[in-house]
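Peer 1: Sharing a structure, written as structure tokens. Questions coming.
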Amino acid sequence: MIGFFIYTNPEMFAEKTNKASEAALVKESLVELSEWTTLKYEYENVIVSRTNKTFSLPGDNDIKYAETIKLIEYSGYLKAGTNLKEIQLTLDEETKQASVILPKSQILDNVAETEKMKVEDIKGNILSDYPTQTIIDEINSNKKQLEEEKINQGFLKEANKRIEVMITDFFNSRGYVVSVEFH
């Protein structure tokens, strides 16, 4: 009797292994699709940057001897999405139900394409030097400001909607009814 039990028992384990393998394969497929779920916003921005050089005289009087005004034009992009590697997936083969729990979307990339940047001298003279680091600092400050504006406008919510649609379509095409949650 024990020999018979050992003989049939691997088939029972094979069924569970196949179910676990199915979930692992589905999860792997979703991770490969993660780039499709990202939401991308491309932007162009113009910054007017200004520096002043002054020296102080006794009596708290500052005298401005050089002023520089630069027009900085650049483009970039902002990407939002979720890390599908952190997906929590439950599949029920019998009822064809799937439950998916994902982390909420976040900003994945905020890139200013400085190689395409144009800097135009609006005002300047020989006494005014304009450090390159000032230009980079201005761009970084504006990138962060743009990111916050887009988040306030619902950029991350839109990314969540895109991911939910993709996940739902993915499982519906395989015959599953799916529930998607974000945590």
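Peer 1: Please pick out the residue among LYS53, LYS64, LYS19, LYS27 that is modelled with pLDDT under 70 and outside any strand (DSSP E or B). Give the steps one after another, and end with the answer.
Peer 2: Values: LYS53 fails: outside any strand (DSSP E or B); LYS64 fails: outside any strand (DSSP E or B); LYS27 fails: modelled with pLDDT under 70.
Of the residues listed, the single one that is modelled with pLDDT under 70 and outside any strand (DSSP E or B) is LYS19.
Peer 1: If you don't mind, there's one more thing I want to ask. Go through (1) exposed (fewer than 14 other Cβ atoms within 10 Å of the Cβ); (2) touching a strand residue (DSSP E or B) at 6+ places or on another chain (Cβ under 7 Å) one by one and return the number of the condition GLY76 breaks.
Peer 2: (1)
The values are calculated or read from the model by the stated rules, or taken from the named source; none is laboratory data. The model shown is predicted, which means the values in this text are computed figures rather than measured ones. Using ideal geometry, Cβ is built from the backbone for each residue, glycine included, and neighbour counts are taken over all protein chains shown.
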